[in-house]
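Student: Take this structure first; my questions come after.
The values are calculated or read from the model by the stated rules, or taken from the named source; none is laboratory data. These figures come from a predicted structure and were not determined experimentally. Note: ideal-geometry Cβ built from the backbone for every residue, glycine included; neighbour counts use all protein chains shown. In case anyone asks, the SASA skips ligands and DNA or RNA and just uses the protein heavy atoms, side chains included. Shrake-Rupley method; radii C 1.70, N 1.55, O 1.52, S 1.80 Å.
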Amino acid sequence: MSHALLWFANRGTGVVLVVLLTLSIVLGVLATSRLSPRIWPRMLSQGLHRNISMLAVTFLAAHVVTAVVDSFVDIRWWHTVVPFTGSYRQPWLGIAALSMDLFLAVAVTSILRHRMSHRPWRAVHARAYAGWGLGLVHGMHGSDAGTVWGQAVNYGCIAAVTLALLGRLGLHMSARALHAPVPLRSGTP
C-alpha cells in the first residue's frame, strides 16, 4: 500500500473517529438525562450509543493501524499505547496514546459491565469525556486542523458535546427545582 493512500486513510479515519466519538458522547448524555420516553426513548439512545461506540473502536483501530503501517513516519505500535515514548510529534502522539488508553479502559469495562458493580464501571466510563477531549486536542494539531473544514468538524464536535452537557445540566437543575421543598414565609398570618 502506498504512503499517500495510508496517509489519506489515517486522516480520514481520524476525522470519522472524532465525529463518531462525539455522537457517542452526545447519545450517552441523552441516555442518562431521563428525558420523557415520548420525546426520545432512552432505549434508543442507549442502543445507538453502544453501537456507535463499537463503530468508533473500529475506526480507532484503523486509525492506529494506518499510522503504524505507514513507513513514512516512525510510529511503532507501543507508541500508540505507552504515552510520550515516540519521537514523531511527541506531545501530540503522547496525548493520542493517553486518549486511546482511556478509551480502551472504557471499552473493556463496558464489555465486563455485567460482572462489575455500577459505581466502578461508571467511574471508568466517565473517563470517556477526558479521552474525547484528549483525542480532540490530538486532532487539532493534525494535518487538517488549519483547514476550514477541519476547524468546522472540531468546533462542531465541541459545540455538540457542550450543548448536550448544558442541556443535561439544565434538566438536572429543573428536576431539582421541581423536587425542592417550598420555603415557608415567616411573618405571614
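Student: Which condition does Val65 not pass, out of (1) in a helix (DSSP H, G or I); (2) in contact with a helix residue (DSSP H, G or I) (Cβ under 8 Å, 6 or more places away or on another chain); (3) closer than 28 Å to His3 by Cβ, if it passes all the others?
Tutor: Just one mismatch for Val65, condition (2).
Student: Across segment 82-100, which residue is modelled with the highest pLDDT among those that are assigned to a helix (DSSP H, G or I) and either open to solvent by 70 Å² or more (accessible area, probe 1.4 Å) or of a type in the set (D, E, K, R) (or both)?
Tutor: Going through the qualifying residues, I end up with Trp92.
Student: If a residue must be surrounded by 11 or more Cβ atoms within 10 Å (Cβ to Cβ), assigned to a helix (DSSP H, G or I) and over 18 Å from the mean Cα position of the chain (by Cα), how many such residues does segment 101-119 contain?
Tutor: 1
Student: Hey, another quick one. Where the second residue is crowded, with 16+ Cβ neighbours inside 10 Å and not β-branched (Val, Ile, Thr) and the first is under 12 Å from Met100 (Cβ atoms) and modelled with pLDDT under 95 and lies in segment 61-74, which pairs have Cβ atoms under 6 Å and are six or more apart or on separate chains?
Tutor: So the pair list comes out as His63/Gly14; His63/Leu17; Ala67/Asn10.
Student: Next up: Could you check segment 139-149 and list, in sequence order, the residues that are within 19 Å of Leu20 (Cβ to Cβ), open to solvent by 50 Å² or more (accessible area, probe 1.4 Å) and in a helix (DSSP H, G or I)?
Tutor: Scanning segment 139-149 gives a single hit, Trp149.
Student: Quick check on segment 23-31. Is at least one of its residues more than 13 Å from the chain's Cα centre (by Cα), open to solvent by less than 60 Å² (accessible area, probe 1.4 Å), within 20 Å of Gly167 (Cβ to Cβ) and not basic (Lys, Arg)?
Tutor: Yes, some residue in segment 23-31 is more than 13 Å from the chain's Cα centre (by Cα), open to solvent by less than 60 Å² (accessible area, probe 1.4 Å), within 20 Å of Gly167 (Cβ to Cβ) and not basic (Lys, Arg).
Student: In addition: Please state which one of His49, His79 is within 23 Å of Ile111 (Cβ to Cβ) and surrounded by 14 or more Cβ atoms within 10 Å (Cβ to Cβ).
Tutor: The unique qualifying residue is His49.
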